[in-house]
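A.B. asks: For reference, the structure I am asking about is given below.
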Amino acid sequence: MSQFKYTAYDKKGKLVKGVVEASKKEEARKLVENLGLYPLLIQEVKRKKIALFDFAYKVKDEELVLFTHEFASLMSSGLTVIDALQGLADQSENNYFKKVLLDIKTRIEEGSNISDAFKKYPKIFSDIYISLLKVGEATGRLDAVLNGMATYLEKDLDIRRKIANGFAYPKFVVLVVTLVVIFMLTVVLPRFASMFASASAQLPTPTLVLLNISNFIRFKWYVIVGIIALIYVLYKIIYSIPQGRLMIDRIKLRLPVFGRITTLGTLTRFTSTFALIIESGINILEGVEITSSVTGNAYVMNKLKQVEENIKNGSNFSEALTQSKFFPKILIQIVSVGEKGGKLSDSLMTITNLWEKTLDYTIKNLLAKIEPTLIIVLGVIVGFIAIAMYLPMFTLPTIIGK
């Protein structure tokens, strides 16, 4: 779809200018005529494309949070949207984001709605962001909506960081253990092996096993790389299929310990987002549809689709959640109380705050337990390798004596 600027006369003979979106000029003319106008001039809006290399630059989550806070402040101070966007673009240090903001400003100047202009960049501004901008435009409360969005983005970023931190330390320790084992098997053990070979020592079984593993890693490393690459490709293929993604995401939620962190993080993001949407005045059905994309988990998204269908069939929100057979009873109870009292948004924020604290505790508890466990595992592996290397030395004095 392209944008077309038009100049036309209305029924009173007054000159009117605006912008319409159409696939071709003839279609744009019909759209203008359908508005009850008499087109005088219609021109396609020619835009400079953002250079390909600019796409290497991304808008970081922190940048989007800061932009939203500043945008809200400028709107609260009485600036127009055009002036606010110009000022924010001027101070942006991200070249790509600067061009995006200037393009949005240009679209608004040409007659586009604020939400429609932002909608042109879905990789930066999510469906929730666009929906709330639309609400802000319709109600004239754009500054309040932006303030709420900035707070939400900050909270959402904090939740995602907590989840990432929960997995970061175990990943790091496993990587270190793997590197230490590979180093000992490929560098240290071969030196001992050459010494044993020159002494014609008969090697014990543990040492022979380690030597075979060492030789395989040193001389058949491409097989290991190939297997890892094959597993990765298979994972990507399976995950790209809807049913495969559904299965994998369901497994992620059921993993021991880590599954609880993933589930808590996903549910916390859902309730936090849904609370903001309801607070902004969007109805429950539309809110469920918008919020499902935030969870980032295909299995949860599927359950929210069921909730959406249940609401369409006449169930209230708490009943729809119950019928999906996934969401915790505490959420259903709190939602039910919120529905009856007309304070659904407040109820959702209550459960969000509770789950945030639970998520913090779960991650801290995991780290407290996993640290000594991983140290013990590392000690056992390194100890076994060390014993296997030194066992033949007990037979060397006998061989040398002969």
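The values are calculated or read from the model by the stated rules, or taken from the named source; none is laboratory data. Please read all numbers here as calculations on a predicted model, not as lab measurements. Here the Cβ positions follow ideal geometry from the backbone for every residue, glycine too, while neighbour counts run over all protein chains shown.
A.B. asks: Which of the residues spanning segment 91-107 are among the hydrophobic types (A, V, I, L, M, F, W, C) and buried (at least 19 other Cβ atoms within 10 Å of the Cβ)?
C.D. replies: Those that are among the hydrophobic types (A, V, I, L, M, F, W, C) and buried (at least 19 other Cβ atoms within 10 Å of the Cβ): Phe97, Val100, Leu101, Ile104.
A.B. asks: I'm checking my understanding of the structure. Among residues of segment 32-52 that are in a helix (DSSP H, G or I) and at pLDDT 80 or above, which one is surrounded by the most Cβ atoms within 10 Å (Cβ to Cβ)?
C.D. replies: The residue in question is Val32.
A.B. asks: For segment 355-374, give me each residue that is among the hydrophobic types (A, V, I, L, M, F, W, C) and touching a residue at least 24 places away in the same chain (Cβ under 8 Å).
C.D. replies: First, the residues of segment 355-374 that are among the hydrophobic types (A, V, I, L, M, F, W, C): 355, 359, 363, 366-368, 370, 374.
Those that are among the hydrophobic types (A, V, I, L, M, F, W, C) and touching a residue at least 24 places away in the same chain (Cβ under 8 Å): Trp355, Leu359, Ile363, Leu366, Leu367, Ile370, Leu374.
A.B. asks: A further question follows. Hey, any hits in segment 228-235 for a residue that's aliphatic (A, V, I, L, M), over 29 Å from Leu359 (Cα atoms) and either in contact with a strand residue (DSSP E or B) (Cβ under 6 Å, 6 or more places away or on another chain) or surrounded by 13 or more Cβ atoms within 10 Å (Cβ to Cβ) (or both)?
C.D. replies: no
A.B. asks: Between Asn94, Asn147, which is polar (S, T, N, Q) and within 29 Å of Phe270 (Cβ to Cβ)? Give the steps one after another, and end with the answer.
C.D. replies: On the way: Asn94 fails: within 29 Å of Phe270 (Cβ to Cβ).
Going through Asn94, Asn147 in turn, the sole match is Asn147.
A.B. asks: Right, another one. Between Leu179, Leu185, which is touching a Ser or Thr at 6+ places or on another chain (Cβ under 8 Å) and of a type outside the set (D, E, K, R)?
C.D. replies: Leu185
To keep it simple, each residue is scored yes or no on (1) modelled with pLDDT of 80 or more; (2) closer than 18 Å to Phe125 by Cα; (3) among the hydroxyl-bearing types (Ser, Thr, Tyr).
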site: Lys30; (1), (2), (3): yes, no, no
site: Asp54; (1), (2), (3): no, yes, no
site: Phe71; (1), (2), (3): yes, yes, no
site: Leu74; (1), (2), (3): yes, no, no
site: Thr80; (1), (2), (3): yes, no, yes
site: Leu85; (1), (2), (3): yes, yes, no
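A.B. asks: Let me ask you something else. Quick one: Ser315 ticks every box in (1) at pLDDT 90 or above; (2) part of a loop (DSSP other than H, G, I, E, B); (3) not charged (D, E, K, R) bar one, so which box is it?
C.D. replies: (1)
A.B. asks: So which residues in segment 334-345 are free of Cβ contacts under 8 Å to residues at least 12 places away in the same chain, surrounded by fewer than 20 Cβ atoms within 10 Å (Cβ to Cβ) and assigned to a helix (DSSP H, G or I), if there are any at all?
C.D. replies: Answer for segment 334-345, where residues must be free of Cβ contacts under 8 Å to residues at least 12 places away in the same chain, surrounded by fewer than 20 Cβ atoms within 10 Å (Cβ to Cβ) and assigned to a helix (DSSP H, G or I): Val337, Lys340, Gly341.
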